[in-house]
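Here the structure comes first, spelled out in structure tokens, and everything after it is commentary.
The values are calculated or read from the model by the stated rules, or taken from the named source; none is laboratory data. Given the structure is predicted, the values throughout are model-derived calculations rather than measurements. So basically every Cβ, Gly included, is an ideal-geometry build from the backbone, and we count neighbours across all protein chains shown. Ligands, DNA and RNA are stripped out before the accessible areas are found, and what is left, the full protein with its side chains, is counted by its heavy atoms. Shrake-Rupley method; radii C 1.70, N 1.55, O 1.52, S 1.80 Å.
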Amino acid sequence: GVLDGRAGVHRLLRRYVQWRVKLRWYLFILLVIPASELLGALVLPGVAASYQSPTLSMALSYPAAFAATFVLGGPLGEEPGWRGFALPRLQPLHGPLLGSVILGVLWASWHLPLFWSGVWTPPTLPNIAMFIVMITALTVGMTWVFNNANGSLLITMLMHASFNTFANKVVAPLFPAPLLDEYGLLPELVGFGVLAVVVVAVTRGRLGYGNYRP
């Protein structure tokens, strides 16, 4: 409102319900993002051996967990700030790749107090460093989706809910490996790290910015 006036606020609010996005981006956030986390877990030593069969209650509760995460777990409250306000200003100033790295570090740093909440992995230096790198890698992938979805906040909120819900409600209960008790962020670090490398290589660091037409 301060920077763009009432018209800017209206533009931001319209992006909350910007659903006209190609089907492949919906499939990407709902299938490829969880697959990245799953493969990131399976390649870690000892994790596959800890596999527990999924239960019916896990499958039935997933939609409700996804909806609760969407509304209460960060996506609805955070995405208007990170990719609604910050990213469209960072990309023209610093380019899509460096802008994503800056945003990733800011986004990760904002979450750091949660390490002392008792619900995350232990607040050790390795866990905090892994979290910052993981969120930065994820931000690179989210920028690519954001640009190709022409700045849709609905898509980024769904993507945010997808990786949060799958990590907490599927990966953690399916693979109760001792390694993940201590370093629970490793599957996401591996999965999103590989995803970021592939996206940067394929787009030559442009992250689909040429497709962004606000």
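Side notes on the structure shown:
- Matching residues, the stretch 34-80, being of a type in the set (S, T, N, Q) and open to solvent by 30 Å² or more (accessible area, probe 1.4 Å): GLN52, SER53, THR55, SER57, SER61
- Unique residue being in contact with an Asp or Glu (Cβ under 6 Å, 6 or more places away or on another chain), of a type in the set (Ser, Thr, Tyr) and within 15 Å of ILE29 (Cα to Cα) when the list is THR143, THR139, THR156: THR156
- Selection of the stretch 90-119 for residues being surrounded by 13 or more Cβ atoms within 10 Å (Cβ to Cβ) and in contact with a Gly (Cβ under 8 Å, 6 or more places away or on another chain) yields LEU90, GLN91, GLY95, PRO96, LEU97.
- Cβ-Cβ contacts under 8 Å between residues 6 or more apart (or on different chains), taken from a first residue in the stretch 6-27 that is among the β-branched types (Val, Ile, Thr) to a second residue that is open to solvent by 50 Å² or more (accessible area, probe 1.4 Å), are listed as VAL9/GLY1; VAL21/ASN150.
- Taken over the stretch 26-63, the residue count meeting the criterion of being in contact with a Leu (Cβ under 9 Å, 6 or more places away or on another chain) and within 20 Å of GLU188 (Cβ to Cβ) is 18.
- Within the stretch 4-33, being aromatic (Phe, Trp, Tyr) and open to solvent by less than 80 Å² (accessible area, probe 1.4 Å) holds for TYR16, TRP25, TYR26, PHE28.
- Test result for GLU188, touching a residue at least 12 places away in the same chain (Cβ under 8 Å), surrounded by 18 or more Cβ atoms within 10 Å (Cβ to Cβ) and acidic (Asp, Glu): yes
Yes or no, residue by residue, for (1) buried (at least 22 other Cβ atoms within 10 Å of the Cβ); (2) under 24 Å from LEU42 (Cα atoms):
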{"residue": "ILE135", "(1), (2)": "yes, yes"}
{"residue": "MET142", "(1), (2)": "yes, yes"}
{"residue": "ASN150", "(1), (2)": "no, no"}
{"residue": "THR156", "(1), (2)": "yes, no"}
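- Scope the stretch 65-93; condition touching a Phe, Trp or Tyr at 6+ places or on another chain (Cβ under 7 Å) and among the basic types (Lys, Arg); matching residues: ARG83
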